[in-house]
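Structure record follows, encoded as structure tokens.
The values are calculated or read from the model by the stated rules, or taken from the named source; none is laboratory data. A quick note: this is a predicted structure, and the numbers were derived from the prediction, not measured. Here Cβ is always computed from backbone atoms with ideal geometry, including for glycine, and neighbour counts include all displayed protein chains. In case anyone asks, the SASA skips ligands and DNA or RNA and just uses the protein heavy atoms, side chains included. Shrake-Rupley method; radii C 1.70, N 1.55, O 1.52, S 1.80 Å.
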Amino acid sequence: MNYFTKIKFSALAFMVTGLLITGCQKSEGVKTSEPVSVLSANSTVSIQAVSLTQGFEVGATSPKTAYDVSPSGSSSGDNVTISGNSWNMYEALIGNLAADQKAGSWSARMRNSGKITMLFDVTTGISTVTLKSATYSGDVASTWGLFYSINGGSSWTQSGAAVTTTSTLTLKTFTITQTGNVRLEIRKLSGGTNRINIDDITINDNGGGSGGTVLTGKKFLFDASHLENAGSADWQIDADGTENVPMYTGGTTVETKAQRFPTPSYTGITSTTAENYWKGAMSAWAVELVKKGELVESLPVGIAITYGNASNVQDLSNYDVFVVVEPNRLFTAAEKTAIMNFVSNGGGLVMIADHTAATTAGTDANGYNPSDRDGDGFDSPRVWNDLMTNNGINNNNPFGFTINYVDISEGPSTNVYTGANANAAKVLNGAAGTASKLAFYNGAVATLTPATNANVQGLFWRNSATNGGNTGVMSLLATYGTGRVFFVGDSSPSDDGTGDTGDNLFNGWSGDSPSGFTSHPALHLNGALWAAKAQ
């Protein structure tokens, strides 16, 4: 095995949104999806002001393509699961035509006496509800009303006055002030066949200081544009094509290539779906996020990283979290500006690094090996350090840490943070379980620089390091502006062992022999959900 190949061993051993209908293709141009079902995935965790969001973002295809099914008003026929929750959409569908007024790629569309009804309750009450509405382009205005039920839908009460739609999406706030179980229904009240769009429903809870849920419908963008597939690596959630990728020895190798939407559609994921539903070494991570009601996409090769560019459908402003696992190419100046502004303005950044050496020319005096898989002189620690010291906005380790040029194994560390930091508590003991151990199979540790960001917090240290200290940090979190950063210094713990058959992959996600299960899924899922502000 050459020194650029990812080695993953220790001294002891080598180491979600479905539908229950069959839709028919409509002349208005929404796309048809196959029938599927998925488990509702809200999980009780810490207190949240927001208990549910629904933006109708459904990926490549709409799970509801017909306004109504036969017989008219069929309850089961119009049921659809979105972000892990069941809704009834009578005389309504989810559309993405140019005439649909939408905040992202999709929105709900209603006509006639259409209704959009929650088939589940939020359990921590409702204080206020906000949502956006507009007249479908080319139609005339209609009115709609918001109704709520506290008895499972047996009876309904209207909240506030009816709303008249306008030509652009307009935000409306309703005050409900109900405790306990509550569900909502949006009814089109007038306008006949004139259509309206509904988008971005947000329910603010009224739990009185207890309860709360993991927010579903958060959008995670996994980077595949910086040679995460180079050499013996496959740090992608799904890849159906191939491409020629530079090799550290010169020339190129044929590697699997990711596309924007993983296939089969994530609407086919159920509670029992295996991670090899998709072909990528990061598929387990992505599949589990979908099971929790979240949305995942890849940023393919050739698509720029931008922030605030309305012409780029994959602009970071359309996502909650940007996940980058072991990038092998430097970010451009424009991309670094985009990433920094994305985080500063509230976005989440998940940073995964790997092992390296003092230089990328070869093994150094300590026996450390670089992970420069494409031979351009940069590996992931150098890519990340370049972002944090050469971004043109804040070049002084703005996230509060720097990555050391080392190559260490730790199998596993139980040197985990035990303090009172609330953010750390959510990552180490969150919706996905408890993270108590972390194993590295050739990774890099970080040094904290709290003088440049007082909000940086270590999560795991090497067993030989001082708990709570600034050195030997294997995983950490930080806040920057209104955004959040989660870091792990090795790609091994998130590698699920499957993907490109030509790559040398190992199951560090859950196999992790001989040390046993090391709570890697809990750490990575909790970290990602925390970065998304979903818990």
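Among the residues of the stretch 76-92, those identified as more than 26 Å from the chain's Cα centre (by Cα) and open to solvent by 10 Å² or more (accessible area, probe 1.4 Å) are SER76, GLY77, TYR90, GLU91. One residue is enough: does the stretch 320-335 have a residue meeting the conditions open to solvent by 10 Å² or more (accessible area, probe 1.4 Å), among the aliphatic types (A, V, I, L, M) and in contact with a Phe, Trp or Tyr (Cβ under 7 Å, 6 or more places away or on another chain)? Yes, that holds for at least one residue. Among residues of the stretch 368-393 being touching a Leu at 6+ places or on another chain (Cβ under 7 Å) and of a type in the set (Asp, Glu), the one that is most open to solvent (accessible area, probe 1.4 Å) is ASP386. Yes or no: GLY280 part of a loop (DSSP other than H, G, I, E, B), open to solvent by 10 Å² or more (accessible area, probe 1.4 Å) and either at positive phi or out of contact with any Phe, Trp or Tyr (no Cβ under 6 Å at 6 or more places or on another chain) (or both)? Here the answer is no, as GLY280 does not meet what is asked. Of the strands (runs of 3 or more DSSP E) that lie entirely inside the stretch 455-495, those containing 1 or more residues that are of a type in the set (D, E, K, R), buried (at least 19 other Cβ atoms within 10 Å of the Cβ) and in contact with a strand residue (DSSP E or B) (Cβ under 7 Å, 6 or more places away or on another chain) span 483-488.
Rundown of residues vs (1) over 17 Å from the mean Cα position of the chain (by Cα); (2) polar (S, T, N, Q); (3) buried (at least 24 other Cβ atoms within 10 Å of the Cβ); (4) modelled with pLDDT under 95, yes/no style:
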{"residue": "THR452", "(1), (2), (3), (4)": "yes, yes, no, no"}
{"residue": "SER510", "(1), (2), (3), (4)": "yes, yes, no, yes"}
{"residue": "SER519", "(1), (2), (3), (4)": "yes, yes, no, yes"}
{"residue": "ALA534", "(1), (2), (3), (4)": "no, no, yes, yes"}
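Restricting attention to the stretch 313-336, the residues that are in a helix (DSSP H, G or I) and touching a strand residue (DSSP E or B) at 6+ places or on another chain (Cβ under 8 Å) add up to 2. Count of the stretch 337-364 residues, restricted to those that are surrounded by fewer than 19 Cβ atoms within 10 Å (Cβ to Cβ) and in a loop (DSSP other than H, G, I, E, B), is 8.
Quick check on my filter: what residues within the stretch 143-185 are part of a strand (DSSP E or B), open to solvent by 50 Å² or more (accessible area, probe 1.4 Å) and of a type in the set (Val, Ile, Thr)? Within the stretch 143-185, THR157, THR164, THR170, THR173, THR175, THR177 meet the criteria.
The number of residues in the stretch 110-142 that are in a loop (DSSP other than H, G, I, E, B), open to solvent by 40 Å² or more (accessible area, probe 1.4 Å) and at pLDDT below 95 comes to 3.
For the stretch 226-256, the candidate set comprises residues that are buried (at least 20 other Cβ atoms within 10 Å of the Cβ) and charged (D, E, K, R); within that set, the residue that is modelled with the lowest pLDDT is GLU255.
Which one is least open to solvent (accessible area, probe 1.4 Å) among residues in the stretch 284-316 that are at pLDDT 95 or above and among the hydroxyl-bearing types (Ser, Thr, Tyr)? The qualifying residue least open to solvent (accessible area, probe 1.4 Å) is SER298. Restricting the search to strands (runs of 3 or more DSSP E) fully inside the stretch 50-100 and requiring at least 2 residues that are on the phi < 0 side of the Ramachandran plot and among the hydroxyl-bearing types (Ser, Thr, Tyr) gives 50-54, 85-95. Among the residues making up the stretch 395-420, those that are more than 22 Å from HIS355 (Cβ to Cβ) and either open to solvent by 50 Å² or more (accessible area, probe 1.4 Å) or in a strand (DSSP E or B) (or both) are ASN395, ASN396, THR418, ALA420. For beta carbons closer than 6 Å, sequence separation of 6+ or different chains, a first residue in the stretch 169-196 that is under 16 Å from MET110 (Cα atoms) and a second that is assigned to a loop (DSSP other than H, G, I, E, B) and open to solvent by 80 Å² or more (accessible area, probe 1.4 Å), the qualifying pairs are ASN194/VAL140. One residue stands out in the stretch 477-508 among those that are of a type in the set (D, E, K, R) and within 20 Å of GLY411 (Cβ to Cβ): the one that is modelled with the highest pLDDT, namely ASP490.
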